[in-house]
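For reference, the structure discussed in these notes is given below.
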């Protein structure tokens, strides 16, 4: 003998006329006897009607124009890409060769500076600051500051990320005396470390 | 050749085959046939009209790009609803990660969307609009797995077999989810349905 919970599972099939003959008869009898299930059947029927009659939205009037424009842009991008891949070899070889040479040259120029900068940047960088777009180290004992003007790339970013509270934004004004050529004390060969006198 | 203008309505499968063979007008006809259907399906699933329209655009772009992927063994409607459904579910997952919730997701947002002409009724009173809004909100309150099958069955009127292919679950599970989804909805909407 089925209970209400078991009849509940048959409600949609009953409403949609999909039950076999025997199950249909059992359901009909139960619905006659059980007010709660009878109410649920009526509610599911009403619900299905309401859902079927929900108003249909329409896309905006320029929908198709926008879609055509997007397809056109994609097609152009695809054509450009295939053209660049399928230039004749007489064009491709020198272009790839020059590009490769330029990449090697850039690497050769950048890498030594980066590694030099890494070796000249103090590891215990607790007194490093970022002021006016440069990494700056205050040397309280000597009353000077050391500026690393070329450290605007990865080494600086690594330092900044380790000590976020130490750094001002690039547009912040320095709060210590400005360093310029009139108070330059020393500079090393690579010009990536300059020491300025800031107090007298 | 079958032509909409001559009163012979080509099937969706005819259109996609023509499109696969280079007939761009066939693609235009597919867009015209499905744009509002897909909007309503995705909107009822996500609750945001602007995002829904973006996803409908994306659905058609994927049909355009991957037209050769469609094989005639399945109905075209199954294929396009599968694409749309997957995009909608992905968007829902992204929202959960963003933990973004907007009141506009509960119903119609400020953008002015026209109701399709054949459904527009200026006599429709405020009560009807409120009722529709409440029903929509309760659909949105269903979990996605029930929401999707309810929309496909009761709003889009697709067959259980087709829904099973779109959602990629067994037929029995589809029927069970539709039933449970309806029971949940009718419980929440009793005061409306029993009037």
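The values are calculated or read from the model by the stated rules, or taken from the named source; none is laboratory data. In this text, all values refer to a predicted model and were calculated from it rather than measured experimentally. Methodologically, a virtual Cβ is constructed for each residue, glycine included, from the backbone with ideal geometry; neighbour enumeration extends over all protein chains shown.
Hey, can you tell me all the residues within the stretch B:160-195 that are loosely packed, with under 15 Cβ neighbours inside 10 Å and assigned to a loop (DSSP other than H, G, I, E, B)? Result: B:168, B:170, B:194, B:195.
So is residue B:33 more than 8 Å from chain A (Cβ to nearest Cβ) and under 20 Å from residue A:73 (Cα atoms) or not? Break it down into steps so the answer makes sense when it comes.
Numbers: more than 8 Å from chain A (Cβ to nearest Cβ): yes; under 20 Å from residue A:73 (Cα atoms): no.
No: the conditions fail for residue B:33.
Kindly indicate which of A:79, A:92 is more than 9 Å from every other protein chain (Cβ to nearest Cβ), closer than 30 Å to residue B:64 by Cα and under 37 Å from the mean Cα position of the chain (by Cα). Answer to the check: A:79.
Right, residue B:140: more than 11 Å from every other protein chain (Cβ to nearest Cβ), within 20 Å of the chain's Cα centre (by Cα) and either at pLDDT 95 or above or assigned to a helix (DSSP H, G or I) (or both) or not? It would help to see each step written out before you state the result.
Working: more than 11 Å from every other protein chain (Cβ to nearest Cβ): yes; within 20 Å of the chain's Cα centre (by Cα): yes; either at pLDDT 95 or above or assigned to a helix (DSSP H, G or I) (or both): yes.
Criteria met by residue B:140.
When the residues of the stretch A:30-54 are narrowed to those that are within 52 Å of the chain's Cα centre (by Cα) and part of a loop (DSSP other than H, G, I, E, B), which ends up farthest from the other protein chains (Cβ to nearest Cβ)? Here the answer is A:53.
No other residue among A:10, A:57 is under 25 Å from residue B:154 (Cα atoms), in contact with a strand residue (DSSP E or B) (Cβ under 8 Å, 6 or more places away or on another chain) and at the interface with chain B (Cβ under 10 Å from one of its Cβ atoms) apart from A:57. For the condition more than 15 Å from the chain's Cα centre (by Cα) and away from chain A (no Cβ under 11 Å), what is the one hit in B:158, B:171? The unique qualifying residue is B:171.
How many residues are part of a helix (DSSP H, G or I) and either in contact (Cβ under 8 Å) with a residue 40 or more places away in the chain or more than 16 Å from residue A:60 (Cβ to Cβ) (or both) when one looks only at the stretch B:25-64?
Filtering the stretch B:25-64 down to residues part of a helix (DSSP H, G or I) leaves B:25-46, B:49-64.
Cutting the leftovers down to either in contact (Cβ under 8 Å) with a residue 40 or more places away in the chain or more than 16 Å from residue A:60 (Cβ to Cβ) (or both) gives us B:25-30, B:33-34, B:36-38, B:40-42, B:44-46, B:49-51, B:61-64.
Residues flagged as part of a helix (DSSP H, G or I) and either in contact (Cβ under 8 Å) with a residue 40 or more places away in the chain or more than 16 Å from residue A:60 (Cβ to Cβ) (or both) within the stretch B:25-64 amount to 24.
When B:83, B:42, B:16, B:8 are checked against the criterion of being more than 14 Å from chain A (Cβ to nearest Cβ) and over 23 Å from residue A:78 (Cβ atoms), B:8 stands alone in meeting it. Can you name every residue in the stretch B:80-90 that is under 14 Å from residue B:37 (Cα atoms) and free of Cβ contacts under 8 Å to residues at least 40 places away in the same chain? Residue satisfying the conditions is B:83 alone.
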